[in-house]
1. List the helices (runs of 4 or more DSSP H) that sit entirely inside segment 107-171 and contain at least 1 residues that are open to solvent by less than 70 Å² (accessible area, probe 1.4 Å) and more than 23 Å from Leu90 (Cα to Cα).
2. For residues in segment 41-68 being of a type in the set (Lys, Arg) and farther than 27 Å from Arg129 by Cα, which is most open to solvent (accessible area, probe 1.4 Å)?
3. Could you tell me how many of the residues in segment 86-106 are in contact with a Phe, Trp or Tyr (Cβ under 7 Å, 6 or more places away or on another chain) and open to solvent by 10 Å² or more (accessible area, probe 1.4 Å)?
Amino acid sequence: MRVTVKNYKLWALLSILFAGQMQAETYHDYRSIWGELNKVISPNTVKIDFYKDNIKFNLVIKLDALKVPDNANCDEGIGVQLCDFLATSLSGKKVGVVVDGSYDEMLAGDLIVDERSIVLKGLREGYYRMDGRVSRALPNVYAEKEARCSFKGIWSSLKGDPYVAQQCQSI
């Protein structure tokens, strides 16, 4: 991951949050941080609050493995349903953040609630499509295929399509 001038503040904040954890031996210990939902900004972006030594920090996290329509927002169209999914899934829960990278002043990665990936949940329940330009992780591919072949969520309009039926015979 390349650190640019635009995200020095972000990396400084992460180093404060991770202070004392850098010697950890497992992926989970040093790549994940925990907080709570502040607000859903867009259909694939949230603000999470963290506390360290009684100081509140907040970070913007983009779920970059999830593909959303261009110009989607929380106020209209499919964006309302996607934002509601995130709010319902994250509100009032301990939220883990797995950091994969960054975009200027925001982090990119996944959110973990109840030891489950929000990206996988969104794909499996048919709320989202996988953004293959960002992630080609096999669990994401299978979760999207499971939703498509079960005609869940955004895939419900494909029910009865012979091409989809043929693709889904291998599940």
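The values are calculated or read from the model by the stated rules, or taken from the named source; none is laboratory data. Since this is a predicted model, take the numbers as computed values, not measurements. Every residue, glycine as well, gets a Cβ built from its backbone with ideal geometry; the counts of neighbours run over all protein chains shown. These area figures cover heavy atoms from the full protein model, side chains too; ligands, DNA and RNA do not enter into them. Shrake-Rupley method; radii C 1.70, N 1.55, O 1.52, S 1.80 Å.
1. On the way: elements: 118-124, 138-150, 162-168.
Fully inside segment 107-171 and qualifying: 138-150, 162-168.
2. Initial filter on segment 41-68 (of a type in the set (Lys, Arg)): 47, 52, 56, 62, 67.
The next check asks that each one be farther than 27 Å from Arg129 by Cα; those that pass are 52, 56.
On the way: Lys52: 50, Lys56: 111 Å².
Within segment 41-68, the match that is most open to solvent (accessible area, probe 1.4 Å) is Lys56.
3. So the count comes out to 1.
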